[in-house]
Amino acid sequence: MPKCPKCSAHIDALNAYSMEENKQEVILGEGIYKQKPFLDYGASETIDSSCSKIDFECPECNQILFTNDGDSQDERVINFLKEK
């Protein structure tokens, strides 16, 4: 099991945070009890191939261990998680 180089915790997974475009339908919602109208957002749909950045973080200390330009199959991350 790999160890985090920042906090030395034994980890078997990383948290991945990605920046990508999402599509949502937006409608005008009606306020209840005479409140002002608001924008009501529908379900979010990720746009394929729009990922521009991924940060991989330690789940224990939340420090970023790897960053890339949207490569979801980053060999560095694969090799790190394969460590015994």
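Overview of results
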quantity: Test: residue in segment 1-11 that is among the small types (Gly, Ala, Ser) and either under 14 Å from the mean Cα position of the chain (by Cα) or more than 30 Å from Lys84 (Cβ to Cβ) (or both); calculated: no
quantity: Matching residues, segment 12-51, being over 27 Å from Glu83 (Cα atoms), of a type in the set (Phe, Trp, Tyr) and not in a loop (DSSP other than H, G, I, E, B); calculated: Phe38, Tyr41
quantity: Segment 20-38, subset without any contact (Cβ under 8 Å) to a residue 40 or more places away in the chain and touching a Gly at 6+ places or on another chain (Cβ under 9 Å), residue farthest from Asn62 (Cα to Cα); calculated: Pro37
quantity: Residues satisfying the stated conditions in segment 52-81, i.e. in contact (Cβ under 8 Å) with a residue 40 or more places away in the chain and either in a helix (DSSP H, G or I) or aromatic (Phe, Trp, Tyr) (or both); calculated: Phe56, Phe66, Val77, Phe80, Leu81
quantity: Filter result (under 19 Å from Cys7 (Cα atoms) and surrounded by 12 or more Cβ atoms within 10 Å (Cβ to Cβ)) within segment 26-62; calculated: Asp55, Phe56, Glu57, Cys58, Pro59, Glu60, Cys61
quantity: Single residue of segment 37-73 satisfying the filter (in contact with a Cys (Cβ under 9 Å, 6 or more places away or on another chain) and among the small types (Gly, Ala, Ser)) that is nearest to Ile27 (Cα to Cα); calculated: Gly70
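The numbers here are math on the coordinates, done by the rules we state, and not lab data. Computed from a predicted structure; not experimentally measured. Every residue, glycine among them, receives a Cβ derived from its backbone with ideal geometry; neighbour counts consider all protein chains shown.
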